[in-house]
Amino acid sequence: MKNYRAELTGVFGDPVDDNPTGVVEEAAFAAKDLNYRYLTVKVLPEDLGKAMDSVRIFGMKGINLTMPHKIKVLPYLDELSPAAKIIGAVNTVIQKDGKLYGENTDGKGFVTALKNSGETLEGKKVTILGAGGAARAIAVECALNGAVHINIINRSAEKGEELASLIQSETDSSAQYLTWESSMKIPADTQILINATSIGFSPNVTDKPDIDYSTITNQMCVCDVIFNPAETIFLKTAAANGAKIVTGLGMLVQQAALNFTLWTGVEAPVDVMEEALKKEFE
């Protein structure tokens, strides 16, 4: 008998209208001939609990979490992966046997994309703008992949100091919190600079982090987690200074590939996913 019921996955966020992950995942489902669907759902912060109840009620295979839910979702989960426990944030939920398992593929996706660009983290000094969910995931994975020192630049001292302390206590890397001041100077010994904030995300495409852009040099690799637009003002300005740049598109594809496998148990068709995303931004 033909089965007309599709397995459901998706993303909860606010804003979420400009999130293209569904295009990438749906292309992968089709390539592997899987009857799965990916739903892009706007969920307000005050409705997150009800939304997570719906994951159980609908028997969804899983869900992605984007801004502002990556940390606030934790109380609604049954178990966390070791990495998610350290990071303290979740971007992927897998439902299995009625339980919701939290995982974090943000940092892993970023590291894979960085390596694919020809960069290595081994022995590098990294500076990260922000201390939210994405920043935490990236900072932890950078440390676990060999970064020797990580600077955390953030306006909230509490969050920034907590993340720096986490890196020092849970990994072999040293870390330091730097207060984000107006026209913030990037430490001169930075080799990899990462914008892990939402500054510049569509529709606010003319915004850029408040830093002294003259302190970005051609010796740095500059990365952005933002994928829409692919080349943010932050990245364009860094490129004009001679820096190598890495867009958020690679991170998006790589974390989407990890999510695909976690939900389906099937190896992700990364080439298909990359092509689908490229078409969206042509």
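Every read-out reported here was derived from the displayed coordinates using simple, explicitly stated rules and does not represent laboratory data. Just so it is clear, the structure is predicted and the values come from calculations on it, not from any experiment. Glycine gets a Cβ as well: all are built from the backbone with ideal geometry, and neighbour counts include every protein chain shown.
Its relative contact order, with pairs defined as Cα atoms under 8 Å and 6+ residues apart, puts the chain at 17 percent.
Show which lysines lie in cross-link reach of Lys159 when reach means a straight Cα distance below 25 angstrom and same-chain residues fewer than eight apart are skipped. Filter leaves Lys70, Lys72, Lys85, Lys108, Lys124, Lys125, Lys185, Lys208. Placing pseudo-labels 7 Å out from each Cα toward the beta carbon at Lys99 and Lys72 gives an inter-label distance of 2.7 nm. The loop-placed trypsin sites (Lys or Arg not before Pro) in region 175-269, going by DSSP, that have at most 16 neighbouring Cβ atoms within 10 Å of their Cβ come out as Lys185. Just need the relative contact order of region 107-246 here, percent rounded to a whole number, with Cα pairs under 8 Å and 6+ apart. For region 107-246, the relative contact order is 21 percent. Most simply put, the chain has about 20% antiparallel DSSP beta bridges, counting only bridges with both residues inside it. Annotation: peptides 250-260, 156-166, ranked by per-residue average of other Cβ atoms within 10 Å with the highest first, follow the order 250-260, 156-166. Distance from the alpha carbon centroid of region 206-282 to that of region 48-97 works out to 24 angstrom. Taking Cα centre as origin and charging only the Cβ of basic (Lys, Arg, +1) and acidic (Asp, Glu, -1) residues, the dipole magnitude of the chain rounds to 280 debye. Ranked by how many other Cβ atoms sit within 10 Å of their own Cβ, fewest first, the residues Tyr76, Tyr177, Tyr213 fall in the order Tyr213, Tyr76, Tyr177.
Residues whose amide H falls under 5 Å from that of Ala175, counting only those 5 or more places apart or on a different chain, are Ile150, with hydrogens built in the peptide plane. Placing unit charges on each Cβ (+1 for Lys and Arg, -1 for Asp and Glu) gives the chain a dipole about its Cα centre, and among Leu48, Ile186, Asn154 the Cα reaching farthest toward its positive end belongs to Leu48. Candidate membrane-span-like segments in the chain, meaning DSSP H helices with Cα atoms spread over at least 20 Å of their own axis and a Kyte-Doolittle mean of 0.0 or above, are 248-264, with no membrane implied. Sorting 115-126, 4-15 by their mean Cβ neighbour count within 10 Å, with the most densely packed peptide first, gives 4-15, 115-126. 3J(HN,Hα) along region 217-227: 10, 6, 8, 9, 9, 10, 10, 10, 7, 6, 10 Hz, from the Karplus curve 6.51 cos²θ - 1.76 cosθ + 1.60 with θ = phi - 60°, whole Hz, x for Gly and Pro.
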